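For reference, the structure discussed in these notes is given below.
The values are calculated or read from the model by the stated rules, or taken from the named source; none is laboratory data. Worth saying up front: this structure is predicted, and the values here are computed from it rather than measured. Note that we place each Cβ from the backbone using ideal geometry, even for glycine, and neighbour counts take in every protein chain shown.
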Amino acid sequence: MAIALPAAATDGAVYEQDTRFVASTYPFHGRPNAIAPHAWGPSIDINVESDDGSGLDCDRPVFAPESGTVRQVTSGFGGGWGNALVWTNEADTEKLFMAHLSSVLETGLVVAGDKIALAGATGLSIGFDDFCHGAGGAHLHLNRTVMSDGDWTAAPVVLNDLVVQAGGAYQSTGATAASDGERTRRKDLRWNISALTNGTLFCVLTPCPA
């Protein structure tokens, strides 16, 4: 299957600006192929750099890299994924799967830079459920898929316009910027649509708002 080029990706990131993190993977690293749209690219785990391995990832805020929608796809043990979500960009051409979250904070319409989750160690993060505060336990698992020629296509994880590769070290540039006015307008739109339809129609067309 063809691998999508980074040009198809958001230029945002999931951690706050200037956060340094490292990427890793391992042989036969699982992909969330049971979760629609079933065409996820290679799995990557990211950990914030620390001098002593003391678990800087536990409950670290995870942000929407760009405006779009968030849907929680698993919870609790979640088949090994723990608490997991799928973020989709506004154009519905790119999705990120994020797993082992301590909690999902927001679903439905989101604005770039919204805090959508906390990183953690739920599911089979290191063989134990919710071992978040143990050294080396927490991390953020990522997969990516993009729309190509009418089909969802497996694609490498891209953050900050860079392909995130195992063994690499990176520095977050933060989420794609959204003005305060734009953030307020989008939040008001989400509330108004939900109120006018009593949530029913809105939840059919898109993930239900938080």
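For PRO37, work out the one condition from (1) surrounded by fewer than 19 Cβ atoms within 10 Å (Cβ to Cβ); (2) without any contact (Cβ under 8 Å) to a residue 60 or more places away in the chain; (3) at negative phi it doesn't fulfil.
In the conditions (1) surrounded by fewer than 19 Cβ atoms within 10 Å (Cβ to Cβ); (2) without any contact (Cβ under 8 Å) to a residue 60 or more places away in the chain; (3) at negative phi, PRO37 misses (2) alone.
Looking only at residues in region 123-155 that are hydroxyl-bearing (Ser, Thr, Tyr) and modelled with pLDDT of 90 or more, which one is surrounded by the most Cβ atoms within 10 Å (Cβ to Cβ)?
THR145
Consider only pairs whose beta carbons are under 6 Å apart and that are at least six residues apart or on different chains; among these, list those whose first residue lies in region 147-162 and is more than 15 Å from PRO32 (Cβ to Cβ) and whose second residue is among the polar types (S, T, N, Q).
Filtered contacts from region 147-162: MET147/THR93; ASN160/THR173.
Condition first: assigned to a helix (DSSP H, G or I), touching a strand residue (DSSP E or B) at 6+ places or on another chain (Cβ under 9 Å) and modelled with pLDDT of 90 or more. Can you find one or more residues in region 72-87 that meet it?
For region 72-87, residues assigned to a helix (DSSP H, G or I), touching a strand residue (DSSP E or B) at 6+ places or on another chain (Cβ under 9 Å) and modelled with pLDDT of 90 or more: present.
Scan region 145-168 for residues that are touching a Lys or Arg at 6+ places or on another chain (Cβ under 7 Å) and in a strand (DSSP E or B) and jot them down.
THR145, ALA155, VAL158
Can you find, within region 156-172, the residue that is surrounded by the most Cβ atoms within 10 Å (Cβ to Cβ) among those that are more than 15 Å from ALA64 (Cα to Cα) and hydrophobic (A, V, I, L, M, F, W, C)?
So the residue we want is VAL164.
Can you tell me which of (1) more than 24 Å from GLN171 (Cα to Cα); (2) buried (at least 20 other Cβ atoms within 10 Å of the Cβ); (3) without any contact (Cβ under 8 Å) to a residue 40 or more places away in the chain is the one LEU85 doesn't meet?
Status for LEU85: all satisfied but (1).
On the basis of being surrounded by fewer than 19 Cβ atoms within 10 Å (Cβ to Cβ), of a type in the set (A, V, I, L, M, F, W, C), under 20 Å from VAL163 (Cα atoms) and at pLDDT 90 or above, does PHE97 make the cut?
In short, no.
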